[in-house]
1. Kirkwood Rh, Cα Rg: Rg to Rh for region 202-304?
2. Just from its helices, what would the mean residue ellipticity at 222 nm be for the chain, if runs of 4 or more DSSP H residues each count -39500 (n - 2.57) and the sum is divided by every residue, rounded to the nearest 500 deg cm²/dmol?
3. Taking the dipole about the Cα centre of region 57-368, with the C-beta of Lys and Arg at +1 and of Asp and Glu at -1, give me whichever of THR214, SER143, SER129 is farthest to the positive side.
4. What is the sum of charges, Lys and Arg at +1 and Asp and Glu at -1, for the other residues whose Cβ falls under 14 Å from the Cβ of VAL119?
5. Using the basic label-point model (7 angstrom from Cα toward the beta carbon), what is the GLU40 to GLU303 distance in nanometres?
6. For the chain, set up a Gaussian network in which alpha carbons nearer than 10 Å are linked by springs, and say which option among SER302, SER49, SER147 fluctuates the most.
7. Just subtract the alpha-carbon distance of ASP211 and LYS94 from 0.36 nm times their residue separation and send over the number in nm, one decimal.
8. Give me the base-10 log of I(q)/I(0) for region 57-368 at each q in 0.07, 0.14 Å⁻¹, Debye formula, one uniform scatterer per Cα, rounded to two decimals.
Amino acid sequence: MMTRFCIIGLTSLLFFILIGCSTDSMDNDSAEGGLVTEQEEIYFPPINSDVWETVSLESLGWNETAIQSLYTFLEENSTDAFLILKNGRIVEEKYFGDFDSTKNHTWNSAAKTLTSLTVGIAQEEGFLSVDNPSSDYMGSGWSSLTSENELKITVRHHLTMTTGLDYTVDNNFCTAPECLVYKNDPGSFWYYHNALYTLLDNIVSGAVRQDFETYFNSKIRDKIGMQGSWLKVGYNNLYFSTARSMARFGLLNLNKGKWEEETILADMDYFTTMTSSSQELNKSYGYLWWLNGKDSFRLPESEENYQGKLIPAAPDDLIAGLGAADQKLYIVPSIDLVIVRMGGAANSAELGPTSFDNALWEKINAVIN
């Protein structure tokens, strides 16, 4: 009896092993009947090097006949630089006119994403909390509000554009106290108020007791092989870099704050909030990142709430850094894409999202689908 039991048990074990192997094989079959290879790991270009691996349109199965139409569209719309990365490798890299891979270009408000990640690192290192009053790090009197009302404005309100300060002032970029006056209670209204974003530089530098650019360079730029610098232009603090440096930052965020084996931001709660709807007033806005796929959105320089997706032609999980004159950093986690566009304004000098985004994605879709 014991021998028979062991034989039956062994037979059953082999049966389940075979069934398991068969199921695994079936799970690896694609809809087309071929085998799906294991998802490719993200490639990271080496630090302090011009080396960057490439991958061809043909090997990806993309539509090579559509690429020239995309390039014509970009050229006709004042583009200087355009890159597509797939899993970190360059699929397309195109420069127009006399612009090339060595030249720097302003990110405009796409650089808000740099600041957002820097705030997250400062919080992770214990220098600040996004739930603390911003006056904890800038001191009182940074605005024209009473001390009591100043204390109601937190770092999070700066990150989400919900400080409640008056956005109808003559200069929306002005960071002087006389330009910063009360209009709404903090957290009760969303408006794209540039001055309150710019003050995050002062919040970070006050918290870490170090110049903002020095801290940013040591925590992000130098660790991922970016180049570039912050330049003061009026009240604004603008970032200038090559298109490849913008692509490196996009790659860092595609991999959720980790560059190869080095973790730049470990706080996944912060990263998730940064790249998700950070409040209900504008569902398409995180911590200075624009978000696609939501059922409504608001735009800079407008109080109106629009129904529908931010960029209907783009994938729903797209997150973006968007700057004036159509500076674009697109990240699409579901298909491992990072896309960069730098240049002049395509059809207007609007801030943030423009009609160019949707038109560009229609051209991109013709290539990648």
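Read-outs throughout are calculated quantities, based only on the coordinates presented, and are distinct from any laboratory measurement. Please read these numbers as outputs of a predicted model, since none were measured by experiment. So basically every Cβ, Gly included, is an ideal-geometry build from the backbone, and we count neighbours across all protein chains shown.
1. On the way: Rg = 15.5 Å, Rh = 15.6 Å.
Using only Cα positions, Rg/Rh for region 202-304 is 0.99.
2. Numbers: 12 runs with 120 residues, N = 369.
That calculation yields -9500 deg cm²/dmol at 222 nm.
3. The Cα lying farthest towards the positive end belongs to THR214.
4. On the way: positive: LYS112, ARG156, LYS219; negative: GLU124, GLU125, ASP131, ASP136, ASP201, ASP267, ASP269.
Charge balance in the 14 Å sphere: -4.
5. Result: 5.0 nm between the two label points.
6. Looking only at SER302, SER49, SER147, the biggest GNM fluctuation is shown by SER49.
7. Details: separation 117, 0.36 × 117 = 42.12 nm, distance 3.50 nm.
Length gained, ASP211 through LYS94: 38.6 nm.
8. Values returned for q = 0.07, 0.14 Å⁻¹ are -0.26, -1.06.
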